[in-house]
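Report on the structure given below.
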Amino acid sequence: MIKKITKIGNSQGIIFDQTLMDMAHLKVGDEVNVTIHDGGSVTLTPSRPHISVEKARETARSFIQQNDELFKALS
């Protein structure tokens, strides 16, 4: 897919149409990690938020409670 770099205010940018956004599973406001490779290739990688320790603990406890009998049978 070929895109053109355009002037956006005092900067330059590439416009992502909705099809490209859908294909990349991106939405407005998402953060991307920009990597510049030897030779000038640019890679954009979606930055997915990490779950907090508290949220992970809460989710694990809930999962264990919901599946208590299964865990007892497996132990």
Of the residues in the range 35-65, those that are surrounded by 10 or more Cβ atoms within 10 Å (Cβ to Cβ) and over 13 Å from the mean Cα position of the chain (by Cα) come to THR35, THR43, LYS55, ALA56, ARG57, GLU58, THR59, ALA60, ARG61, SER62, PHE63, ILE64
Looking at MET21 and the list (1) under 30 Å from MET1 (Cα atoms); (2) modelled with pLDDT under 90, which single condition is not satisfied? (2)
Does LEU26 satisfy being out of contact with any Pro (no Cβ under 8 Å at 6 or more places or on another chain) and not small (Gly, Ala, Ser)? no
Strands (runs of 3 or more DSSP E) within the chain that include 3 or more residues hydrophobic (A, V, I, L, M, F, W, C) and without any contact (Cβ under 8 Å) to a residue 24 or more places away in the chain: 32-36
As an exercise: evaluate LEU74 against (1) modelled with pLDDT of 90 or more; (2) out of contact with any Ser or Thr (no Cβ under 9 Å at 6 or more places or on another chain) and give the number of the one condition it does not meet. (1)
Identify the single condition in (1) in contact with a Leu (Cβ under 9 Å, 6 or more places away or on another chain); (2) loosely packed, with under 10 Cβ neighbours inside 10 Å that PHE16 does not satisfy, given that it satisfies every other one. (2)
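The values are calculated or read from the model by the stated rules, or taken from the named source; none is laboratory data. Every value quoted in this text rests on a predicted model; they were computed, and no experiment measured them. A quick note on method: Cβ atoms are made from the backbone with ideal geometry, for glycine too, and the neighbour counts reach across all protein chains shown.
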